[in-house]
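Taking it in order: structure first as structure tokens, then the write-up.
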Amino acid sequence: MPDQSAPTVTDPRVLFAAERTLLAWQRTAIALMGFGFVVERFGLFLQMVVRAPLSGSQRNFSLGLGVVLLMLGAIVALVSARQFRQVVKALAPDAVPTGYWTNAGVALNIVIAVIAAALALHFMWPPVSNSTSL
């Protein structure tokens, strides 16, 4: 009975092409996070320019959209890391250069996702200020 497992790839160019794709997805995740941060903080900018408080709906819209974009960036980073790991698993051992770190990009994507989630949580639950008046 023939082996039904996935074929292994022996060409090292496949690894480097997959890594370039991972890096492209990393840039996309970071761009989504940056855009989410800007959108979330845009409400503060408008408040400063107009010198009047924003309505609740205006603030909630920029907050919600910013958090969604941050979380989308986190999801993109995690999904692309998983996809890259799948490609690396399909490679033959001799397709990966000796001493080459295939986990460096994956680790960076995980760090990017954690930062995005931390920012989203920070925006959703800002610290309670304990101000005292004199």
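Each reported figure results from applying straightforward, stated rules to the coordinates on display, with no laboratory input. Since the model is a prediction, treat every value here as computed from it, not as a measurement. Quick reminder, even Gly has a Cβ in these numbers, built from the backbone with ideal geometry, and neighbours come from all protein chains shown.
Rounded to the nearest Hz, the phi-derived 3J(HN,Hα) couplings of segment 89-98 under the Karplus curve 6.51 cos²θ - 1.76 cosθ + 1.60 (θ = phi - 60°) are 5, 7, 7, 6, x, 7, 7, 9, x, 4, where x marks glycine and proline. In order along segment 27-43, the Karplus-derived 3J(HN,Hα) couplings, from 6.51 cos²θ - 1.76 cosθ + 1.60 at θ = phi - 60°, round to 4, 5, 4, 5, 5, 4, 5, x, 5, x, 5, 5, 4, 5, 7, 5, x Hz, and Gly and Pro are given as x. Under 5 Å from the amide H of ASN103 lies no amide H of any residue 5 or more positions distant or on a separate chain, with H modelled from the backbone and absent for Pro and chain starts. Here r is the Cβ-Cβ distance between PHE42 and TYR100 and R0 is 30 Å; the resulting FRET efficiency, rounded to 0.05, is 0.10. Here the gap between THR21 and VAL114, fully extended at 0.36 nm per residue and compared with their Cα-Cα distance, gives a gain of 31.4 nm. FRET efficiency for the LEU121 to ARG13 pair, using the beta carbon distance and R₀ = 41 Å, is estimated at 0.50. A cut-off of 5 Å between modelled amide H atoms, ignoring neighbours fewer than 5 places along the same chain, links LEU91 with VAL9.
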